[in-house]
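Here's the structure we're looking at; comments come further down.
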Amino acid sequence: MSGPVLFSGTRVGGLALANRIVIAPMCQYSAVDGCMTDWHQIHLGHLALSGAALLTIEAAAVLPEGRITYGDVGLYDDATESALASTLESVRRWSDMPIAIQLSHAGRKASCELPWRGGAQIASGEPNGWQTEGPSTIAFQPHENAPTALDRAGLDRVRDAFVVATKRAARLGIDAVQLHAAHGYLLHEFLSPLSNRRDDDYGGSLENRMRFPLEVFDAVRAAFPAERPVTMRVSGTDWVEGGWDIDQTVAFAKALEARGCDAIHVSSGGLDAGQQIPVGPSYQVPLARAVKQAVGIPVVAVGLITDYEQAEAIVGTGDADMIALARTILYDPRWPWHAAAHLGGHAKAPDQYLRSQPRQYKDLFTV
């Protein structure tokens with residue numbers, strides 16, 4: 001009898017993964033001037049001992065103005081690179097889990113207060129605030145400061161910043177890069193007709209709205225070592241009538257696959273304050289399934305995946321190739337161990353923790 005699919009190996013491009021569990025990028029809002037702190041060492045360190053297959057570093061802004069908040073991690077200068085290098089050195093000393101990084105620009109959703117302080121946008125000129133940028137001069141909410149529409153020089157500047165950050169990631173030995181084109185941030189803002197009202201080559205038709213995100217992907221793919229994967233996170237739908245939807249997502253995924261994208265991570269929402277999201281267990285899995293049926297590259301499903309049988313069903317039925325955990329693994333950093341025990345699989349544990357193996361699971365830590 002074969003073991004659970006969730007604990008079978010797989011590949012993303014040239015990267016071998018021990019199982020199908022990915023740790024999604026999760027912003028911690030605990031950086032100082034874009035630089036990681038001791039918190040990130042603790043946070044990433046214990047997740048790197050979880051038994052998952054891949055650890056994704058939170059959204060790292062490619063420009064200071066691309067941060068969601070003043071507490072966001074960046075990868076845009078020598079100081080931010082050095083801080084990230086220090087964190088990685090500590091984590092890697094005790095874990096060989098592959099590490100990816102999500103590169104991002106928050107666009108019109110930048111310049112915000114920390115979530116636990118309300119998360120409201122901070123006006124330009126106020127302490128910890130700055131002028132935001134986007135495809136068009138449309139604010140996320142009517143009471144917020146409108147972004148400046150990026151001109152040709154601005155598009156080039158942002159694209160080049162993604163490239164520089166990618167080269168820094170390569171120099172740090174990062175195993176994979178994920179581009180953030182979801183949750184209402186800049187690349188997603190170009191994709192959605194709700195936020196992109198441009199009348200040039202970057203607005204209007206689906207082809208035009210995809211143009212800038214695809215240009216960024218092409219530039220990043222060319223800048224990152226060929227043997228290391230570049231992936232994309234997308235919002236499968238805006239959950240708003242007339243917005244970005246799954247059919248457009250599938251077209252985007254096909255275009256990415258043709259350009260050498262190694263995987264698609266399918267989330268949803270985040271672009272429009274009027275979204276109506278039918279939240280429930282596996283509520284985003286149908287979006288991943290639609291993309292999976294249209295492309296040949298790996299697809300990652302995410303969103304309220306908490307149950308072990310639920311996760312096994314998603315990958316076992318072929319709805320997605322991998323599942324990603326975020327809040328679930330914050331709540332239970334040993335979720336992969338517990339899933340392996342429940343499903344009859346095997347998980348990796350550090351030598352220091354091998355004695356914690358419960359008596360009833362005598363070969364749980366045999367990998």
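The values are calculated or read from the model by the stated rules, or taken from the named source; none is laboratory data. For clarity, every value in this text was computed on a predicted model and none was experimentally measured. Methodologically, a virtual Cβ is constructed for each residue, glycine included, from the backbone with ideal geometry; neighbour enumeration extends over all protein chains shown. The protein model used for the area step is the full one, side chains on, heavy atoms only, and it has no ligands, DNA or RNA in it. Shrake-Rupley method; radii C 1.70, N 1.55, O 1.52, S 1.80 Å.
Yes or no, residue by residue, for (1) closer than 29 Å to ASP156 by Cβ; (2) modelled with pLDDT of 95 or more; (3) not in a helix (DSSP H, G or I):
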site: GLN28; (1), (2), (3): no, yes, yes
site: ILE42; (1), (2), (3): no, yes, no
site: LEU49; (1), (2), (3): no, yes, yes
site: THR56; (1), (2), (3): yes, yes, yes
site: ALA60; (1), (2), (3): yes, yes, yes
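In the set (1) open to solvent by less than 50 Å² (accessible area, probe 1.4 Å); (2) closer than 12 Å to ILE21 by Cα, GLY345 fails one condition alone, (2). ASN208 meets the conditions (1) assigned to a helix (DSSP H, G or I); (2) buried (at least 18 other Cβ atoms within 10 Å of the Cβ) in every case but one. The failed one is (2). Scanning the range 309-342 for residues that are surrounded by 15 or more Cβ atoms within 10 Å (Cβ to Cβ) and among the charged types (D, E, K, R) yields GLU312, ASP319, ASP321, ASP332, ARG334.
Could you please let me know if ALA52 is over 19 Å from ALA161 (Cα atoms) and crowded, with 22+ Cβ neighbours inside 10 Å?
Details: over 19 Å from ALA161 (Cα atoms): yes; crowded, with 22+ Cβ neighbours inside 10 Å: yes.
Judged against the criteria, ALA52 is a match.
Quick check, is ALA294 assigned to a helix (DSSP H, G or I) and either closer than 27 Å to PHE212 by Cβ or open to solvent by less than 10 Å² (accessible area, probe 1.4 Å) (or both)? Spelling it out, it is not the case that ALA294 is assigned to a helix (DSSP H, G or I) and either closer than 27 Å to PHE212 by Cβ or open to solvent by less than 10 Å² (accessible area, probe 1.4 Å) (or both).
Residues in the range 62-85 that are in a helix (DSSP H, G or I) and either open to solvent by less than 10 Å² (accessible area, probe 1.4 Å) or among the aliphatic types (A, V, I, L, M) (or both): 6 in all. Restricting ILE297, ILE277, ILE305 to residues that are among the β-branched types (Val, Ile, Thr) and under 11 Å from TRP239 (Cβ atoms) narrows the list to ILE277. Evaluating GLY107 against the criteria (1) closer than 26 Å to ARG197 by Cα; (2) out of contact with any Phe, Trp or Tyr (no Cβ under 7 Å at 6 or more places or on another chain) leaves one unmet condition, (2). Only a single item in (1) of a type outside the set (A, V, I, L, M, F, W, C); (2) under 30 Å from ILE138 (Cβ atoms); (3) open to solvent by 20 Å² or more (accessible area, probe 1.4 Å); (4) touching a strand residue (DSSP E or B) at 6+ places or on another chain (Cβ under 9 Å) is not met by GLY125, and it is number (4).
Considering the range 86-113, the residues that are of a type in the set (Gly, Ala, Ser), part of a helix (DSSP H, G or I) and over 19 Å from the mean Cα position of the chain (by Cα) include one that is farthest from ARG11 (Cα to Cα), namely SER86.
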